[in-house]
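Undergrad: Let me give you the structure first, and then I'll get to my questions.
Just so it is clear, none of the values below were taken in a lab; they were calculated from the coordinates. Every value quoted in this text rests on a predicted model; they were computed, and no experiment measured them. Every residue, glycine among them, receives a Cβ derived from its backbone with ideal geometry; neighbour counts consider all protein chains shown.
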Ligand SMILES: [Zn+2]
């Protein structure tokens, strides 16, 4: 396990996962570039996410809306007035600080969602000064976190880079409701970039100015909030919860049926909680003890969220459980907002009733999840380091090595590699000792190492070494593809 953030940062940089953007110009704070291994891992996460969540319902689809949207969208969504960061400027050195973050560092509590006036008072009462120069801090002021754009030749069209992918789904709801034969629930998923002008980006890829979200907006009939047609699938399934009433105490585990009874959460919401947990535990294979849903209190959650539980993973490098996503019941806030500003009715006719659809949002920070996967699956052993990712997430599934670079071994190994490359993410390596080659591949998570040796010339079989156990088996070349396919899908 990677224990601290510096180690993780070094690993990510040296092993081709991610590093600060525009590095040769000294790096660009809050922006990251993904390298070869990081990009492969990220694409695989997105692919698995897409396959899993779109499969939850026949009426869930992926769309690709624009990253840039006109100002009206964000007036309707409330971002222009509400999407602000509390900023305290140092009177001496001029640095702008996130007021809630410096308080958090100083008092070791969470201050997100507290008003500017309250933050100003807390800073004064606790005599907090500029962390950089110890200068006096000015009163806390709200600052809009979106990146503004001036579009067109005259630059007179006001627009913004989207701060979340969700709005792209909301402005497309009406058209899709019609295209997709007027059925509910209707799910629109977006995997794409979002942009926020964070005052103090930090913790590597967990708080950035440009990041990737995977979000699924589920539009449904509010009259059916207390039911789900596949409730039986989850009713006895146990979810790991950290409700507001348990703060400072342990997580609790309740069956979905109990969650409905004891915590008074609606079935439609709980069904999706269960499916999110199954994604983490069964698909990503995150250990149970590292996962929980955390309920946000009324002051912590956005005012339009009627129910809000964060998806949290325990990350020691960041000091404990951290948010990697959320399950948000947003009511009719979004579509009503767009109805008002666009002046286009968003009421639909469904099930003999006319109403505005409600939204349940499943939201995931892709970069945060990638960070978490690296931390949670990295381990050091006596003489090697292993990134023990599941086979379908590993950047490369297999590596092919000739034992030595002579006696036709390299030619044969190349042939094996060329064949396997068609079906797997494969890499070929003929430099350094076999031991060193194993070590390099283990550390970036490559699931199998296949070695072509002198016996191969006689018996037509190769050595397949398993990353996790280092166990080796011999497999005939002509059965290699089939055998590896089976092994990958069962791991
Ligand atoms: Zn200062």
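Undergrad: On full extension of the chain, what length is gained from residue 24 through residue 482, given 0.36 nm per residue of separation minus the C-alpha to C-alpha distance?
TA: 160.5 nm
Undergrad: May I pose another question? Sorted by packing (mean other beta-carbon atoms within 10 Å per residue), highest first, where do 73-86, 463-476, 231-244 land?
TA: Put in order of decreasing packing, that is 73-86, 231-244, 463-476.
Undergrad: So, one more: If you rank 253, 205 by fewest surrounding Cβ atoms within 10 Å, what's the result?
TA: 253, 205
Undergrad: Determine Rg/Rh for segment 81-202; Rg is computed over alpha-carbon atoms and Rh is the Kirkwood hydrodynamic estimate from the same atoms.
TA: Value, to two decimals: 1.14.
Undergrad: What number do you get for segment 85-144 when its Cα radius of gyration is normalised by 2.2 N^0.38 Å, N = residues?
TA: Its radius of gyration relative to the 2.2 N^0.38 Å reference: 0.97.
Undergrad: Which order results if 489, 21 are arranged by neighbouring Cβ count within 10 Å, fewest first?
TA: Starting with the residue having the fewest Cβ neighbours, the order is 489, 21.
Undergrad: Hey, rough spin-label estimate for residue 468 and residue 151, points 7 angstrom out along Cα→Cβ, what's it come to in nanometres?
TA: Distance between label points: 4.8 nm.
Undergrad: Going by alpha carbons, how many degrees (0 to 90, nearest 10) lie between the helix axis of 366-377 and the longest principal axis of the chain?
TA: On a 0 to 90 degree scale, this one is about 50.
Undergrad: Next up: Suppose a student asked you for the relative contact order of the chain, using Cα pairs under 8 Å spaced at least 6 residues apart; what percent would you report?
TA: 13 percent
Undergrad: For 250, 89, what's the fewest-to-most ordering of other Cβ within 10 Å of each Cβ?
TA: By the 10 Å Cβ count, ascending, the order reads 250, 89.
Undergrad: Quick one: what does P(r) look like for the chain with 10 Å bins over all Cα pairs, in whole %?
TA: 4, 17, 25, 25, 17, 9, 4, 1, 0
Undergrad: Nearest 10 degrees is fine. How inclined is helix 267-278 to the longest principal axis of the chain, computing both from alpha carbons?
TA: 30 degrees
Undergrad: Using a 10 Å cut-off on Cβ atoms, rank the peptides 345-354, 409-418 from the highest mean neighbour count down.
TA: Order by mean packing, descending: 409-418, 345-354.
Undergrad: Looking only at Cα atoms, what is the convex hull volume of segment 350-491 per residue, in Å³?
TA: 152 Å³
Undergrad: Still on this structure: Starting from the Cα of residue 197, move 7 Å in the Cα-to-Cβ direction to define the label point; list residues of segment 120-148 whose amide nitrogen is under 18 Å from there.
TA: Only 140-148 pass the distance filter.
Undergrad: From the Cα gyration tensor of segment 294-400, with a ≥ b ≥ c the square roots of its eigenvalues, which class applies: rounded if a/c is under 1.5, or else prolate if a/b is larger than b/c, or else oblate?
TA: prolate
Undergrad: Also, quick follow-up: What FRET efficiency comes out for residue 316 versus residue 352 if R0 is 60 angstrom and r is the Cβ-Cβ distance? Round to the nearest 0.05.
TA: So the FRET efficiency works out to roughly 0.65.
Undergrad: Another question about this same structure. List the residues of segment 120-152 whose backbone N lies under 14 Å from a point placed 7 Å from the Cα of residue 92 along the Cα-to-Cβ direction.
TA: In segment 120-152, the label zone of residue 92 (backbone N under 14 Å from the point 7 Å along Cα→Cβ) covers 128-138.
Undergrad: Moving on to the next point. Take the Cβ-Cβ distance between residue 104 and residue 457 as r, set R0 to 51 Å, and report the resulting FRET efficiency rounded to the nearest 0.05.
TA: E between residue 104 and residue 457, to the nearest 0.05, is 0.20.
Undergrad: May I pose another question? Between the helical axis of 409-421 and the dominant principal axis of the chain, each derived from Cα atoms, what acute angle in degrees is found, rounded to the nearest 10?
TA: So the inclination is approximately 30 degrees.
Undergrad: Between residue 414 and residue 380, what FRET efficiency comes out of the Förster formula 1/(1 + (r/R0)^6) with R0 = 30 Å and r the beta carbon distance, rounded to 0.05?
TA: For R0 = 30 Å, the calculated efficiency reads 0.35.
Undergrad: Sum -39500 (n - 2.57) across every DSSP H segment of at least 4 residues in the chain, then divide by the residue count to get the 222 nm mean residue ellipticity, nearest 500.
TA: That calculation yields -9000 deg cm²/dmol at 222 nm.
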